[in-house]
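Taking it in order: structure first as structure tokens, then the write-up.
The values are calculated or read from the model by the stated rules, or taken from the named source; none is laboratory data. Here the structure is a predicted model, which is why all the values come from computation and not from measurement. Using ideal geometry, Cβ is built from the backbone for each residue, glycine included, and neighbour counts are taken over all protein chains shown. Surface accessibility is based on the protein's heavy atoms, side chains included, excluding ligands, DNA and RNA. Shrake-Rupley method; radii C 1.70, N 1.55, O 1.52, S 1.80 Å.
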Amino acid sequence: MPDFDRTDAVVDAQDERVVIWHVQTGLDDGMSRLTGAWVTGRDEPEKIAALLERRRCLITSAGEKALAELDITVERRIDPVATVAAIEAERDALQAVYDALPAPHTFVAPIWPPLPEPLDLTDPPASDAVPPTGTAHAVAGWLAGVADTWEKVERERITRKYLHDADSRDRRLTPFAVR
């Protein structure tokens with residue numbers, strides 16, 4: 001799969017419906033990261049499984065319960081807490097490189113974006129989107145925000161020669177923690 005076309009899925013459930021949002025988390029291509037939403041009945045397990053096939057998934061506790069009841073297995077699950085921790089660790093490592101530069105120097109310090117709060121999938125946020133997609137929409141927005149935050153970290157890294165070598169000037173994908 002090309003780096004610019006990585007699509008992950010968010011799964012939530014409301015009543016008898018399963019809500020799935022696809023989120024483009026690859027390299028920023030200037031298009032919306034929220035690429036599609038589906039609201040399916042629980043009587044469509046094949047469709048649900050097809051929408052999740054070969055995707056990393058971020059699943060709310062309600063979505064988890066629905067998938068278990070439908071006997072749908074997801075092999076790669078995004079861990080939101082570990083993902084934010086991975087971005088924070090990389091940001092801190094890059095900052096440490098800047099901090100270790102011998103003085104005096106004239107390098108401009110990186111300006112790091114604020115990191116998103118880790119997401120609690122047992123009590124996910126809701127958005128003002130039309131029910132039943134509100135929770136899934138908010139979680140998809142969080143996932144898109146994580147990818148956008150990483151893009152900002154990468155912009156700081158690749159525009160400063162002291163933060164990369166010749167082999168690492170290319171933008172890197174968001175370091176999603178997957179379990």
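With the biggest extent put first, the Cα atoms of segment 136-179 measure 40, 22, 11 Å across the principal axes. Within straight-line reach of Lys152, meaning a Cα separation under 15 Å, sit the following aspartates and glutamates at least 8 residues removed in sequence or on another chain: Asp28, Asp29, Glu88, Glu90, Asp92, Asp170.
The peptide list 87-100, 136-149, put in order of mean Cβ contacts within 10 Å with the highest first, becomes 136-149, 87-100. Note on the chain: helix-only mean residue ellipticity at 222 nm, from DSSP H runs of 4+ residues weighted -39500 (n - 2.57) and normalised by residue number, equals -11500 deg cm²/dmol.
If a helix is a whole DSSP H run, which ones in the chain reach 24 Å or further along their own axis (Cα) and hold a mean Kyte-Doolittle hydropathy of at least 0.0? What comes out of the filter, once short or polar helices are dropped, is 80-99.
The value obtained for the chain, namely the Cα convex hull volume divided by the number of residues, is 119 Å³ per residue.
Here the gap between His105 and Glu53, fully extended at 0.36 nm per residue and compared with their Cα-Cα distance, gives a gain of 13.7 nm. Dimensions of segment 102-162 along the principal axes, based on C-alpha atoms and rounded to the nearest Å, stand at 56, 18, 14, largest first.
Over every Cα atom in segment 35-100, the radius of gyration and the widest Cα-Cα span, Dmax, amount to 17.4, 58 Å. Kindly list the residues of segment 46-60 that lie in the label zone of Val178, defined by a backbone N under 19 Å from the point 7 Å along the Cα-to-C-beta vector. Taking a point 7 Å out along Cα→Cβ of Val178, the residues of segment 46-60 whose backbone N falls under 19 Å are 49-60. Heavy atoms of the protein chains alone define the surface here; on that basis segment 25-91 has 52 Å² accessible area per residue at 1.4 Å probe size.
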